[in-house]
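Notes follow once the structure below has been shown.
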Amino acid sequence: MPRISSRSAASSATEWSLQKRRAFLAALIEWNAEHGRHLPWRACGDPYRVWISEIMLQQTTVTAVIPYFERFLAAFPTLPALAAAEESQVLRLWEGLGYYSRARNLHAAAQKLMTEHDGRFPREVAALQALPGIGRYTAGAIASFAFNEPAAIVEANTQRLYARLLGEPRDLKTTAVQQRLWNFAAELVTTKTTEPQGPGEINQALMDLGATLCTPTSPDCAHCPATRYCLAYETEQQNIIPRLPPRPQLTDVIDVTVAIEQQGCYLLRQRQPGERWAGLWDFPRYTVPTDADPIDVLRQQVHEQCGLDLMIGPQVTQFKHGVTRYRITLLCHTATVTTGTIVESEAFRWVLSEDFENYALSVTGRKFADWLIAARERFPFD
DNA sequence: AAACCGTGGAC
DNA sequence: TGTCCAAGGTT
């Protein structure tokens, strides 16, 4: 219902009138008092905790984050503690959570906050967004949740909620739609209400509504406090809005990996910048070209990269693992060294199996490490 | 703009 | 069992 605005051309027209925004927010706040979620990083007002939780929650579910958040805060309770940590320790605590650049950026941002911001968080969106790993959404989240700044947020939950409220039929990814949603978010969060709730609580209530009722499939409109304000509901389009682009197809890949044993140690390799799982450690691992023999690939690659000749045993186990648009089957072998020089490289290290726990491993690396330890218990004389 | 970056739970 | 999806950011 874009109506003719009688205001000056200097201020652009709003999606909703002030009256409509206030009525919606009043209903939202009332709903939130009873149904809003209570989460470990909320209601503390500590920007450090808000920041850690927001980074962990990027593209990651609340249930997956909670145990990581608790462990992380126990290890690094404050910003100075995180800044002083080794990056390897940060990655170890991130192991299994995915998107590992988040952990590297988190550590870098902690050090930048210490050296360039006197160890304190800025409250301005622009300053927050200048930190590595903090984009438009996360900056708005920290500013509003921790500092009660009237900063807009648009993420998966609010994106879906706003698209439905506005009845936006277009593809959500387009810049035009994104701009509309951000404008609408700013419109809502800057609306002055008679309730005492500030921007922080309003933003969290908006997200909770999106997360618990305005869900991707079968939204619970029957219990929603906003149906009176929802164009998608009015036109019965809750199930076709928001519209999303099709997902890319999955590709099958065969990888092969090997546990090379020598004097009770196993050879690990740290994955390099630009590779997948950069910074994590793994057993030597290679993609098998179509129609190639996995064992030949292992033998040649290890000889080329490490100068080691191997006696390779049969496949001992395998893991299936989905990653982005690939479905990987990982073939696992064990081997011993027949001839070859000691590896001279920072990327390679001989590690006792009891020290595996001190390394941040890839998920499949961890599974294989656990398998090796279990196998050692089964065959203690090997 | 579009591709890349991970993982596990829900259905 | 396969598909969808999550409190996004960077290049």
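Values as computed for the structure displayed
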read-out: Cβ-derived FRET efficiency at R0 25 Å, A:T61 paired with A:R325, nearest 0.05; value: 0.80
read-out: Largest-first ordering by accessible area, 1.4 Å probe, given options A:H38, A:H223, A:H107; value: A:H38, A:H223, A:H107
read-out: Counted charge near A:P219, where neighbours are those whose Cβ lies closer than 11 Å (Asp, Glu -1; Lys, Arg +1); value: +1
read-out: Calculated diffusion of segment A:61-100, Stokes-Einstein form, Kirkwood radius summed over Cα pairs, 4 °C and 1.567 mPa s, µm²/s; value: 122 µm²/s
read-out: In sequence order, calculated HN-Hα J values of segment A:266-276 (Karplus, 6.51, -1.76, 1.60; Hz; x Gly/Pro); value: 10, 7, 10, 10, 8, 6, 8, x, x, 8, 5
read-out: Degrees between helix A:62-75 axis and first principal axis of chain A (Cα, 0 to 90, nearest 10); value: 70 degrees
read-out: Residue of A:G313, A:G210, A:G140 that the Gaussian network model of chain A assigns the largest fluctuation, springs spanning Cα pairs under 10 Å; value: A:G313
read-out: Computed helical MRE - 222 nm, chain A, DSSP H runs ≥ 4 contributing -39500 (n - 2.57), nearest 500; value: -13000 deg cm²/dmol
read-out: Sequence-distant lysines (8 or more away, or on other chains) whose Cα lies within less than 24 Å of A:K367; value: A:K320
read-out: Top of A:G167, A:G96, A:G322 by mean-square fluctuation, Gaussian network on chain A, Cα under 10 Å; value: A:G322
read-out: GNM top mover of A:A259, A:A103, A:A222 - chain A, alpha-carbon springs below 10 Å; value: A:A222
read-out: Distance between modelled label sites at A:R123 and A:C265, nm, 7 Å Cα→Cβ extension; value: 5.4 nm
read-out: Electrostatic dipole magnitude of segment A:18-234 [Cβ: Lys, Arg +1; Asp, Glu -1; Cα centre; debye, to 20]; value: 340 debye
read-out: Linear extension gain, A:T190 paired with A:E377, 0.36 nm per residue minus alpha-carbon span; value: 61.1 nm
read-out: Cα-based helix-to-principal-axis angle, A:363-378 vs chain A, degrees rounded to 10; value: 40 degrees
read-out: Once the Cα gyration tensor of chain A is diagonalised, semi-axes √(5λ) in Å; value: 49, 24, 18
read-out: Overall Cα dimensions of segment A:172-229 - principal axes, largest extent first, Å; value: 33, 32, 19
read-out: Distance between segment A:347-361 and segment A:215-250 - C-alpha centres, whole angstrom; value: 47 Å
read-out: Whole-number D in µm² s⁻¹ for segment A:18-234, Kirkwood Cα-pair radius fed into Stokes-Einstein, 10 °C, 1.306 mPa s; value: 88 µm²/s
read-out: Cα extents of segment A:251-378 along the three principal axes, largest first (Å); value: 38, 34, 30
read-out: Amide H within-cut-off set for A:L308, under 5 Å, with H built and near neighbours excluded; value: A:H303
read-out: Computed magnitude of the charge dipole of chain A (debye, nearest 20; Cβ of K, R +1, Cβ of D, E -1); value: 1420 debye
read-out: A:D355, A:D291, reordered so the largest accessible area comes first (probe 1.4 Å); value: A:D291, A:D355
read-out: Cβ-defined net charge surrounding A:K320, 13 Å radius [Lys, Arg +1; Asp, Glu -1]; value: 0
read-out: Between 0 and 90°, nearest 10: helix A:199-212 axis offset from chain A longest Cα axis; value: 70 degrees
read-out: Nearby lysines by direct alpha-carbon distance to A:K192 (threshold 23 angstrom, same-chain neighbours under 8 apart not counted); value: A:K20
read-out: Net charge dipole size for segment A:251-378 [Lys, Arg +1 and Asp, Glu -1 on Cβ; Debye, nearest 20]; value: 420 debye
read-out: Heavy-atom SASA rank of A:K112, A:K320 (probe 1.4 Å, accessible area, largest first); value: A:K320, A:K112
read-out: Approximate spin-label separation A:H303-A:D220, in nm, with each point projected 7 Å along Cα-to-Cβ; value: 6.3 nm
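The values are calculated or read from the model by the stated rules, or taken from the named source; none is laboratory data. From a predicted model like this one, the values you see are computed outputs, not experimental measurements. Cβ sites come from the backbone with ideal geometry, for glycine too, and all protein chains shown count toward neighbours. Remember, those area values only see protein heavy atoms, side chains included, never the ligands or the DNA or RNA. Shrake-Rupley method; radii C 1.70, N 1.55, O 1.52, S 1.80 Å.
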